[in-house]
Amino acid sequence: MPRTHTSQPAPHPVLSRLPGRAGRKTPDKLSVALTVNGVAAQLKVAPWTTLLDALRDHLDLTGTKKGCDHGQCGACTVLVDGRRIVSCLTFAVMNDGAEVTTIEGLAANGALHPLQQAFIDHDAFQCGYCTPGQICSAAGLIAEGKARSADEIRELMSGNICRCGAYPNIIAAIEQAMRRS
Amino acid sequence: MINFQYARAADVADAVRQMAADPSAKFIAGGTNLIDLMKEDVERPSRLIDITRLPLKAVEQTPAGGVRIGALVPNSDLAYHPLIEQRYPLLASAILAGASAQLRNMASAGGNLLQRTRCYYFYDIATPCNKREPGSGCSAINGLNRIHAILGASEACIATHPSDMCVALAALDAEVHVAGPGEARTIAFADFHRLPGDTPQFDTNLQQGEIVTAVELPPQGFAAHYTYLKIRDRLSYAFALVSVAAALEFDGAAIKEARLALGGVAHKPWRNMAVEATLRGQTADQAAFARAADELLRDAKGYEHNSFKIDLARRGIVRALTQAAQGRPQSQAVKRIM
């Protein structure tokens, strides 16, 4: 039997029942000034654009990865004003005026960041998807200066999940970079 | 995520005014829970009022000898603040037991109090949930309820409060400072969060339009005898199945004052002052701790998948009180429980 064509899609079985969806005005896009890896950037984004999506989709900085998009995996870790955060759980507009450092901004003058070199030296990844977040998180960890032992590194890196299970080598790489920093 | 307007608040009064003008708005600070809930369509604010730039970021001593914590102090800054590390190490330890380093850098003190339950059904808008949609029913009571409450639950809701920080704040008898359309007021920590009863949609006793401005700690910090013991499914970055904040003060060999608060077991950090009172004057031994644990858990009720929590809590209480008595608090980095 041929399918009947309908011009209106069926209402979503769950979302259509929720109050408040109808009649919401689409808000204007908002201006956001960010300094990303030392470069000033002016963006126009919707209020719901996460910092992660602003970096990837508006600035084409796709080194920062979208893993879970719910703050559970750490793949989207970046440094905002020098502090490590997950960029999926903050809206770009909330970060107006902030300095953001992503994995693309860690190497200086063509030389790898000590953490990047240490991850290579220790084979601290397999598929590499979590690696930008691991390295940005480790850069934040070293700047915080609270980890002194392998146990403390392990605990303070627990927000970065590695599905390949490269944890022992990740810890070794961070220990090497900490010794040299 | 449903669309919403965004505005920044200039000061606390402006934030309160903006909320009064649009009651279906939400304040946003750290955003670590609210944005996640918005992505799941559980929270659908018409407007976000960004309070991140308000001057509520100080940790300072009070004239009364306590410490006042601004609502926007990030969890990590609070945990590592010298006043907290030295005078309230129980609070520092509980904060560091929760979430991840990244989330602690983002999450605010006030927001930690206002985070919602992590009940799977509350998060899943395709299922009934009295907390999310009052009157729709509770999917957890006859569903998967391994992480749910064993104390103070109701027919309407068996969700737990997920915070670690709040368990320590409950044990320390903190107070919550609130501003709003009416008079600014102070709420005792024990009265801040609610039991679900037949209105589980309300997590706290905040009134519509009110905003948390500070959390205040009284002078007594129990820095010599405390522990925060958190038991969970993996060693880090997981919510508590059961957690215990224990704090003791001694007069010679006798217990002069005991504080005991549990996380992961109820709709709010669980305290039982009557049980704490029974520990006063006793010597710190296993028998006294076991009696206290039995008494605290006398009315505990398990469901299909979480009855194990009753015995886990009993053992956790005894172990935590022992750690506190010995002055050997649980390390949050070295996971072995001594």
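All of the numbers you see were taken from the coordinates with simple rules; none came from a lab. Since this is a predicted model, take the numbers as computed values, not measurements. Don't worry about glycine lacking a Cβ; one is built from the backbone with ideal geometry, like all the others, and counts go over all protein chains shown.
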Problem set entry | Sparsely packed chymotrypsin sites (Phe, Trp or Tyr not before Pro) within the range B:137-206, loop by DSSP, other Cβ within 10 Å at most 14 | B:202
For this session: Compute the FRET efficiency between residue B:273 and residue B:301 as 1/(1 + (r/R0)^6), taking r as their Cβ-Cβ distance and R0 = 22 Å, and round to the nearest 0.05.
Result: 0.60
For this session: Could you line up B:227, A:77 from fewest to most neighbouring Cβ atoms inside 10 Å?
Result: B:227, A:77
Exercise. Just how far, in whole angstrom, is the range B:47-94 from the range A:100-131 if you go by their alpha carbon centroids?
Worked result: 34 Å
Exercise. What whole number of Å gives the distance from the Cα centroid of the range B:295-328 to the Cα centroid of the range B:174-248?
Worked result: 20 Å
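Fewest Cβ neighbours within 10 Å first, please rank A:102, B:160, B:199 accordingly.
Details: A:102 22, B:160 31, B:199 14.
Ranking A:102, B:160, B:199 by Cβ neighbours within 10 Å, fewest first, gives B:199, A:102, B:160.
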For this session: Let me have the relative contact order for the range B:5-53, percent, based on Cα pairs under 8 Å that are six or more residues apart.
Result: 55 percent
Problem set entry | Relative exposure of B:73, A:45, judged by other C-beta atoms within 10 Å (fewest first) | A:45, B:73
Exercise. Do the sum for chain B: with -39,500 (n - 2.57) for every DSSP H run of n ≥ 4, divided by all residues, what is the mean residue ellipticity at 222 nm, to the nearest 500 deg cm²/dmol?
Worked result: -8000 deg cm²/dmol
For this session: Compute from the Cα atoms of the range B:53-107 the Rg and the Dmax, the latter being the longest Cα-Cα distance, and quote both in angstrom.
Result: 11.2, 34
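Could you compute the FRET efficiency for residue B:207 and residue B:2, with r as their C-beta to C-beta distance and R0 at 30 Å, rounded to 0.05? Don't skip to the answer; put the middle values down first.
On the way: r = 25 Å, r/R0 = 0.83.
E between residue B:207 and residue B:2, to the nearest 0.05, is 0.75.
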Exercise. Under 16 Å Cα-Cα from residue A:44, which aspartates and glutamates qualify once same-chain neighbours fewer than 8 residues away are excluded?
Worked result: A:28, A:53, A:57, A:60, A:96
For this session: Report ³J(HN,Hα) in whole Hz for each residue of the range B:87-103, in order, from the Karplus equation J = 6.51 cos²θ - 1.76 cosθ + 1.60 where θ = phi - 60°; Gly and Pro get x.
Result: 9, 10, x, 4, 5, 4, 5, 5, 4, 6, 7, x, 6, 10, 4, 4, 5
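Are any of the pairs A:66/A:146; B:26/B:230; A:146/B:57; B:57/B:309; A:65/A:146; B:57/B:268 more than 29 Å apart by Cα-Cα distance, and if so, which?
Numbers: A:66/A:146 27 Å; B:26/B:230 31 Å; A:146/B:57 21 Å; B:57/B:309 37 Å; A:65/A:146 26 Å; B:57/B:268 25 Å.
Over 29 Å Cα-Cα: B:26/B:230; B:57/B:309.
Determine how many Å³ per residue the convex hull of the Cα atoms of chain A encloses.
On the way: hull volume 34.0 nm³, N = 181.
Taking the convex hull of the Cα positions in chain A, it is 188 Å³ per residue.
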Exercise. For residue B:5, which sequence-distant residues (separation of 5 or more, or a different chain) have an amide H within less than 5 Å of its own amide H, given hydrogens modelled in the peptide plane?
Worked result: B:47, B:48
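Multiply the residue separation of residue B:126 and residue B:61 by 0.36 nm, subtract the distance between their alpha-carbon atoms, and state the gained length in nm to one decimal.
Numbers: separation 65, 0.36 × 65 = 23.40 nm, distance 4.74 nm.
Net length gain for the segment: 18.7 nm.
Roughly how large, in nm² to one decimal, is the mean projection of the convex hull of the alpha-carbon atoms in chain B? It would help to have the intermediate numbers written out before the result.
Values: hull surface 65.5 nm².
In nm², the orientation-averaged hull projection of chain B is 16.4.
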Exercise. Tell me which aspartates and glutamates have Cα within less than 16 Å of residue A:25's Cα, excluding those fewer than 8 residues away on the same chain?
Worked result: B:22
For this session: Go from 0 up to the bin containing the longest alpha carbon distance in the range B:6-64, width 10 Å each, and give me the % of pairs per bin.
Result: 23, 44, 24, 8, 1
